[in-house]
Each structure stands twice: as structure tokens, then as C-alpha cells.
Amino acid sequence: MALIVQKYGGTSVGSVDRITAVAQRVSQTAQAGNSVVVVVSAMGKTTDGLVKLAYEISSSPSRREMDMLLSTGEQVSIALLSMALQELGQPAISLTGAQVGIVTEAEHSRARILRIETDRIERHLKQGKVVVVAGFQGISSTEELEITTLGRGGSDTSAVALAAALGASCCEIYTDVPGIFTADPRIVPDAQLISEITCDEMLELASLGAKVLHPRSVEIARNYGVPLVVRSSWSDDPGTWVVSQISQKRALSDLELVRPVDAVEFDTDQAKVALLRVPDRPGVAARLFGEIATQNLDVDLIIQSIHESNTNDIAFTVSIGVLKKAEAVTSAIAPVLRGNSPKVDEAEVIVDGQIAKVSIAGAGMIGRPGVAAQMFATLSSAGINIQMISTSEVKVSCVIDVSDCDRAIGILCAAFDVNSSPVHSPTPPLPHSPTPHSPVRGVALDLKQARIALRHVPDRPGTAARLFQQLAKQNISVDTIIQSQRCRIVDGTPRRDIAFTVVRGDAAAAKKTLEEVVSQWGCGEIVVDNAIAKVSAVGIGMEGQPGVAARLFEALAKHQINIQMIATSEIKISCVVAEEQGVTALQAIHNAFNLAGTHKIQVPA
Ligand code: ADP
Ligand code: ASP
Ligand code: MG
């Protein structure tokens, strides 16, 4: 007899008919001899409705009262589903997060799960009951026993955490689409169903805008090796398996508070090429990386910073062995890129063969802005200057001077209490790729980000640390951090620009916090742009494969889409573009990698 955790999302329990249909599926699973724990979300758009009510009363409702309010949505659906099961003759009992003992930190509206008491659930299961648990909510570990919520979309996380705690044989996420697609099928109608995806890829996709799974649920599946499948609650199709490659067993205490960093990685076979002052117009990145791809040169990190006036800087890293070739290609294309734009100064090419990349890696850094900040602070405490930063959900990489590499590894290993290893080995491909020839598994669009640019911050150790520590203190997560390559001397201090993206709702608070920091430095302005979109392509197949970035940039250029920022990690490429071009950009990239299927799915409204 297997123990199965099933989770049904809002649309899947959106009406009495839907709840009855869910009850039928649940009872069939139970009748087949399985023990079943069901996690449900609030009905339909209930949570959105509750949020709206709150904002009709207050423009800044307290986070505690929001949790009190929002947690009620799930309480309705558990009771109704339990009744529907009983109506079918299936014994069932509904339990709130508190009744189960889903114990979280006392952080309202974004609590992480500390542990789950399994006794009561196990007792009811033994009695032959289906246990229906309210998703998204928990109870604080403090004396006050506060009701907490895990963050929007958090029922997925409740379900996977329960599966981990109960040692379930699998966790099935039932939703309103037949599984995970190469893109959101509501935006890209010819997106194709993926039969298998790695946790690493799904973590990136989920945090880059694919809301089909809450990123933290994928993190738990990865950490505890929970077999996870996303399926349609409308059909019996097999759906998509999210595969974890780590089988290391972890303790169940501090469930979501596992060590944030698993390893420190380094790569000394790196060289940097920077192209300064290229015109800010569509097609420039496509042209440059197109040339580089023609030479079959594999590019590792690519970073394009925000521009001052009307020019951009693009920097990238290659392995040392091909530096000369990369420099030659870049120098040859630089005047072409400059064109005859009279306002643009001469483009400059800078190369540096004396660099190393050090990274901290681990799924536990998701939603914990303090981890990246700690890395920057650790490096700065040793007087190490950071030349380039690249962030992804599961990794932060810094390019530093190669002579600092050994010291950097030592202090980072000590700071995060882990061992170091040379550059990570690419993940082996999955056997069942739907598009075996595509290096990209899926694409995602995030329309909820803002870009913040800081002009002329001092170029010295400790700058990034200071900035991102202050943001971390406010619990503001930062993504896509980019430092300009261009350096200018102001009052005798070398200065650079830094830009990054944050969730739009955090932009004003981030600006305020940063103003306090930079006022002491005598910096230039802080510019916030809310009208941006981030488009990303993700796939483990892009590692070590030249030309992937070029193809992506080319797709955007063809549609006259200007790229404002570029940031890459081993398995993702993200571009910031104007908000109104986001959807076109997503569709263009999806097409460019031949991800479209022949089958168009019907998505429920
Ligand atoms: P639930 O209420 O079941 O949790 P969500 O609305 O949170 O459902 O997530 C399902 C939605 O995620 C789909 O309706 C789809 O529009 C969206 N989505 C975004 N990206 C993807 C993707 N790559 N594959 C499938 N669905 C996606
Ligand atoms: N009901 C919550 C929300 O809408 C949690 C969830 O559906 O996962 O965010
Ligand atoms: Mg959801």
C-alpha cells in the first residue's frame, strides 16, 4: 500500500462540481488501496478576492492580519472536499495547518516550514480516512501560536513538504494544465508538454515566472528526493515528472531551513572580454555573439549592463585557451557595431586573462537575500574586489582576480561551512526530452519585476556587500545583479554603475534603503524602472554548447526588441526588455528554439 500526497489548486476546486470531481479522483486512489493525504488551495480566485478586500480597507495592511485573512480561503475548501468525500462513502477528515502541526517560523506572509508533526495524520490514515489538509498555511513555533502563510502559491510547498515528512511514495500536483510546458500555454498557445524536467531546471523556470509550481516546493523535492509529478485534474494523462538527482537523505528537522549553500565551486580557466560603449539598439548582442558562435567559441557568463546616455557595455567570459580568438573576433566586430552613429564614442575592447570564477551553490538560497550578501561581505572582508556578479536561484558566481582565488575559496568554505570543488560538472541529460535537439527546455516570462540602477558607486571591495546586506535586512530579494564594465573616476575614486532587478512591490522600499547607503558615498542617482519584462530560457542542455545565447539574441533582434540587461548562468539566459515587448519576446525565443508542438491545448479560463 502506497502513501500518496495529492494537491489540488484553486481552479481544480473552483466550484461544487469541481470539488465533487476531485473527491471522485481522491476516493478512487484510496479505493485502489492507497493511503491518501490531500492538500487543497482556496477555491478559484478566493485569495485574490480577500487581498482586494484588505486593500479596500488599508493601503498597507499588517502582515499578521493578512495571514489571518488569507488562511481562511483554504479552510473553506478542506471542509467542502471532506464532505464531498464522505458523501461518496469515503471516510475523510479535514485539518488546518495548525491542527496538523505544520510548524513554521514566525515570519508572516512568507514563513518557511520548520517541521511537520506527522502523528495525527498517521493516526487518521490508519483509521482508513483520507486526510484533507489546508495548503499555504502553518502555525508559528513561537509561544503565541500565530497563524502564518507560506507566500502566494504556497500550497505546492505544503504538499511537497508533507510528502517529505510522511515519506510518501510520491507527490502529485493536480492543476488546470496537463503538466509543465515549454512555456506558459496561456501566453504561447503552441507550447509543448514536457514529460520530464530536472529540479534544477524547474527551480529556475519557477523563479523566473513559470508559476505552475511554487519554487520552494521544487527546492524541497530536490533536497529530500520526493518524486514529484504535475498533472491535469481534468484528465488521466501522465503529466510531467520533476526529477531530482540528489539522493542524499536529509534530516526532517528545519525542513525548509536547510543549509543554504551546499558547495563552493571555482574555475580558474576563465578569461574576460568586455566591449564598452556599443550603441543601445536592437541587434547588437545578436551580432556580437553571432560572430562568436560562428567561431564555435563557448561563452560562459554574459553580462550586459545598463547604459549611461545611449551606449551599453557587454562583458563575457570564455576559457583562457580561446581568449585570443575571442578578443580578435570582438575587436573585429567592434567598429561594425559602432556603425556610423556619430554620438557614440569609439567602442573599446578590454580583455583580462587573470580572472577566476568562484561560486556558492545550493537550493537553500531561494528567497534568502542574505546569502548572496554574505558571500559579498565575506569576499570584501578579505579585501577581494568583485568584477562581475552572476546570480541564479541556486547559484551566485563572482568573477575575481585569479590571484585572490585560493583565498576566496578558503574564506567562503569557512563562512558557509562547506567543501570546495573545481568547476561543477554538467548534469547528464534526461532520456525523455521532447525536443532532444534543443538546448533549451523551457522559457518563462516575468512581468512583475522592476529594474533599479545605481550610478557611480565606488569600485572597491565591500560595495556590493554593503548594498545587498542592507536590502537583505529588509528581506528584499535581488536578482540579475550587474556591474558595469566602464569605470569612471569621480573625486579621485573609481566608480561603476550597478543594476539589478527586484520584485516590483519591493522597488520603492529598495530605493529608499539604498538612498540611505549611497548618500554616504556621494553617488549619482538611483533610477527605478517598473515597465520592464524579464524573459528567460532555461535548459541543462545549454552547458558547453556554443551559440545558444546568439540564437536567443538573434530572435529578439529579428523582432526589433532592444535588450536592456543580459545575465546568464550555466543553465539560463535572462534578458530584460521593455514591458510591452515581453510577450513577443517570449514567443520569439520559444520559436527560435523550435519548442513549439503541433498540439494546441485548451486551457480553462
Ligand atoms: P494552481 O491553482 O493549480 O496552483 P496555478 O495558476 O498556480 O495553478 O499554476 C498553473 C498555471 O501556471 C497554468 O494555468 C499556467 O497558465 C501557468 N504556467 C506558467 N508557466 C507554465 C509552464 N511552463 N507550464 C505550465 N503552466 C505554466
Ligand atoms: N491560495 C493561495 C494563493 O492563491 C495558495 C495557493 O493557491 O497555492 O496564493
Ligand atoms: Mg499554484
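When you look at ALA533, is it in a helix (DSSP H, G or I) and closer than 22 Å to ASN312 by Cα, yes or no?
Spelling it out, it is not the case that ALA533 is in a helix (DSSP H, G or I) and closer than 22 Å to ASN312 by Cα.
Do you know which of the residues in region 186-206 that are open to solvent by 20 Å² or more (accessible area, probe 1.4 Å) and away from ligand 3 (no atom under 14 Å from the Cβ) is nearest to MET365 (Cα to Cα)?
Restricting attention to region 186-206, the residues satisfying the condition of being open to solvent by 20 Å² or more (accessible area, probe 1.4 Å) are 186-187, 189-190, 192-193, 195-196, 200.
Checking the rest, the ones that are also away from ligand 3 (no atom under 14 Å from the Cβ) come to 187, 189-190, 192-193, 195-196, 200.
Values: ILE187: 29, PRO189: 33, ASP190: 34, GLN192: 30, LEU193: 29, SER195: 27, GLU196: 24, ASP200: 13 Å.
Step by step, filter region 186-206, then rank; the result is ASP200.
Quick check on region 488-543: of everything there that is under 25 Å from CYS575 (Cα atoms) and surrounded by fewer than 14 Cβ atoms within 10 Å (Cβ to Cβ), which residue is modelled with the lowest pLDDT?
Only one residue tops the list, namely GLU525.
What single numbered condition from (1) within 16 Å of ligand 2 (Cβ to nearest atom); (2) closer than 29 Å to GLY101 by Cα fails to hold for ALA165?
Looking at each condition in turn, ALA165 falls short on (1).
Would you be able to tell me the number of residues in region 232-249 that are surrounded by fewer than 24 Cβ atoms within 10 Å (Cβ to Cβ) and either under 24 Å from GLU570 (Cβ atoms) or of a type in the set (Phe, Trp, Tyr) (or both)?
Let us first name the residues in region 232-249 that are surrounded by fewer than 24 Cβ atoms within 10 Å (Cβ to Cβ), namely 232-239, 241, 243-249.
After this cut, where a residue has to be either under 24 Å from GLU570 (Cβ atoms) or of a type in the set (Phe, Trp, Tyr) (or both) as well, the list is 234, 241, 243-248.
Residues flagged as surrounded by fewer than 24 Cβ atoms within 10 Å (Cβ to Cβ) and either under 24 Å from GLU570 (Cβ atoms) or of a type in the set (Phe, Trp, Tyr) (or both) within region 232-249 amount to 8.
Working only within region 147-189, note down all residues that are touching a strand residue (DSSP E or B) at 6+ places or on another chain (Cβ under 7 Å), among the small types (Gly, Ala, Ser) and under 23 Å from SER536 (Cα atoms).
Scanning region 147-189 gives GLY179, ALA183.
Of the residues ALA30, ALA42, ALA21, ALA54, which is within 16 Å of ligand 1 (Cβ to nearest atom), small (Gly, Ala, Ser) and in a helix (DSSP H, G or I)?
On the way: ALA30 fails: within 16 Å of ligand 1 (Cβ to nearest atom); ALA42 fails: in a helix (DSSP H, G or I); ALA54 fails: within 16 Å of ligand 1 (Cβ to nearest atom).
ALA21 is the lone residue from the list that is within 16 Å of ligand 1 (Cβ to nearest atom), small (Gly, Ala, Ser) and in a helix (DSSP H, G or I).
Scan region 317-338 and give yes if some residue there is among the small types (Gly, Ala, Ser) and in contact (Cβ under 8 Å) with a residue 60 or more places away in the chain, otherwise no. Walk me through it before giving the result.
Looking only at region 317-338, we keep the residues that are among the small types (Gly, Ala, Ser), and these are 319, 321, 326, 328, 331-332, 334.
Adding the requirement that they be in contact (Cβ under 8 Å) with a residue 60 or more places away in the chain leaves none.
The answer is no; no qualifying residue exists.
So THR480 ticks every box in (1) over 24 Å from ILE400 (Cα atoms); (2) touching a residue at least 60 places away in the same chain (Cβ under 8 Å); (3) not charged (D, E, K, R) but one. Which box is left unticked?
Looking at each condition in turn, THR480 falls short on (1).
Condition check ((1) at pLDDT below 90; (2) surrounded by 23 or more Cβ atoms within 10 Å (Cβ to Cβ)) across all residues:
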site	(1), (2)
ARG281	yes, no
VAL284	yes, yes
PHE289	no, yes
ILE292	no, yes
LEU301	yes, no
PHE316	no, yes
SER319	no, no
VAL322	no, no
VAL329	no, no
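Take ASP176 and decide whether it is within 14 Å of ligand 3 (Cβ to nearest atom) and surrounded by fewer than 24 Cβ atoms within 10 Å (Cβ to Cβ). Spell out how you get there, then give the answer.
On the way: within 14 Å of ligand 3 (Cβ to nearest atom): yes; surrounded by fewer than 24 Cβ atoms within 10 Å (Cβ to Cβ): yes.
Against the criterion (within 14 Å of ligand 3 (Cβ to nearest atom) and surrounded by fewer than 24 Cβ atoms within 10 Å (Cβ to Cβ)), ASP176 qualifies.
Would you mind listing the strands (runs of 3 or more DSSP E) fully within region 446-512 where at least 3 residues are in contact with an Asp or Glu (Cβ under 7 Å, 6 or more places away or on another chain) and within 23 Å of ALA274 (Cβ to Cβ)?
Numbers: elements: 449-458, 478-483, 488-490, 493-503.
Counting at least 3 such residues, we get 449-458, 493-503.
When you scan region 14-43, how many residues do you find that are away from ligand 3 (no atom under 12 Å from the Cβ), under 27 Å from the mean Cα position of the chain (by Cα) and either in contact (Cβ under 8 Å) with a residue 40 or more places away in the chain or surrounded by fewer than 19 Cβ atoms within 10 Å (Cβ to Cβ) (or both)?
Taking region 14-43 and keeping what is away from ligand 3 (no atom under 12 Å from the Cβ), we get 14-38, 43.
Going one step further and asking which of them are under 27 Å from the mean Cα position of the chain (by Cα), we end up with 38, 43.
If we keep only those that are either in contact (Cβ under 8 Å) with a residue 40 or more places away in the chain or surrounded by fewer than 19 Cβ atoms within 10 Å (Cβ to Cβ) (or both) too, we end up with 38.
Number satisfying all stated conditions: 1.
Cβ-Cβ distance below 6 Å, separation of 6 or more or different chains: which pairs start in region 116-142 with a residue that is over 18 Å from GLU74 (Cα atoms) and end on one that is open to solvent by 30 Å² or more (accessible area, probe 1.4 Å)?
HIS124/ILE93; GLY128/PRO91; LYS129/PRO91; LYS129/ILE93; THR142/ALA106
Could you list, in sequence order, all residues of region 7-18 that are closer than 14 Å to SER82 by Cα, of a type in the set (Ser, Thr, Tyr) and more than 11 Å from ligand 1 (Cβ to nearest atom)?
Result: no residue meets the conditions.
For the condition surrounded by fewer than 16 Cβ atoms within 10 Å (Cβ to Cβ) and assigned to a helix (DSSP H, G or I), what is the one hit in GLU74, GLU65?
On the way: GLU74 fails: surrounded by fewer than 16 Cβ atoms within 10 Å (Cβ to Cβ).
Selected residue: GLU65, the only one of GLU74, GLU65 that is surrounded by fewer than 16 Cβ atoms within 10 Å (Cβ to Cβ) and assigned to a helix (DSSP H, G or I).
Yes/no matrix, rows are residues, columns are (1) of a type outside the set (Ser, Thr, Tyr); (2) surrounded by fewer than 23 Cβ atoms within 10 Å (Cβ to Cβ); (3) not in a loop (DSSP other than H, G, I, E, B):
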{"residue": "GLY367", "(1), (2), (3)": "yes, yes, no"}
{"residue": "VAL371", "(1), (2), (3)": "yes, yes, yes"}
{"residue": "GLN374", "(1), (2), (3)": "yes, no, yes"}
{"residue": "THR378", "(1), (2), (3)": "no, yes, yes"}
{"residue": "CYS405", "(1), (2), (3)": "yes, yes, yes"}
{"residue": "ILE409", "(1), (2), (3)": "yes, yes, yes"}
{"residue": "LEU412", "(1), (2), (3)": "yes, no, yes"}
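Working carefully through the options SER141, SER169, SER158, SER207, find the one that is in contact with an Asp or Glu (Cβ under 8 Å, 6 or more places away or on another chain), among the small types (Gly, Ala, Ser) and more than 30 Å from PHE593 (Cβ to Cβ). Even if it seems obvious, please write down each step before you answer.
On the way: SER169 fails: in contact with an Asp or Glu (Cβ under 8 Å, 6 or more places away or on another chain); SER158 fails: in contact with an Asp or Glu (Cβ under 8 Å, 6 or more places away or on another chain); SER207 fails: more than 30 Å from PHE593 (Cβ to Cβ).
Unique residue meeting the criteria: SER141.
How many of the residues making up region 162-187 are more than 9 Å from ligand 1 (Cβ to nearest atom) and either assigned to a loop (DSSP other than H, G, I, E, B) or among the charged types (D, E, K, R) (or both)?
Here is the first cut: in region 162-187, the residues more than 9 Å from ligand 1 (Cβ to nearest atom) are 162-172.
Checking the rest, the ones that are also either assigned to a loop (DSSP other than H, G, I, E, B) or among the charged types (D, E, K, R) (or both) come to 167-169, 172.
Looking only at that region, the number is 4.
Could you tell me whether any residue of region 221-231 is open to solvent by 10 Å² or more (accessible area, probe 1.4 Å), in a loop (DSSP other than H, G, I, E, B) and either in contact with a Leu (Cβ under 8 Å, 6 or more places away or on another chain) or among the acidic types (Asp, Glu) (or both)?
no
Which pairs do you get when a residue that is farther than 19 Å from LEU454 by Cβ, found in region 516-537, comes within reach of a residue that is open to solvent by 40 Å² or more (accessible area, probe 1.4 Å), reach meaning Cβ atoms under 7 angstrom, with the pair 6+ apart or on two chains?
Here the result reads ALA533/LEU447; ALA533/GLU579; ALA533/GLN581, each pair linking region 516-537 to a residue that is open to solvent by 40 Å² or more (accessible area, probe 1.4 Å).
The values are calculated or read from the model by the stated rules, or taken from the named source; none is laboratory data. Fair warning: this is a prediction, and the values are worked out from it, not measured in the lab. Because the Cβ atoms are built from the backbone with ideal geometry, glycine has one as well, and the counts that use them run over all protein chains shown. Each accessible area value is taken on the protein alone, full model and side chains, heavy atoms only, with ligands, DNA and RNA left out. Shrake-Rupley method; radii C 1.70, N 1.55, O 1.52, S 1.80 Å.
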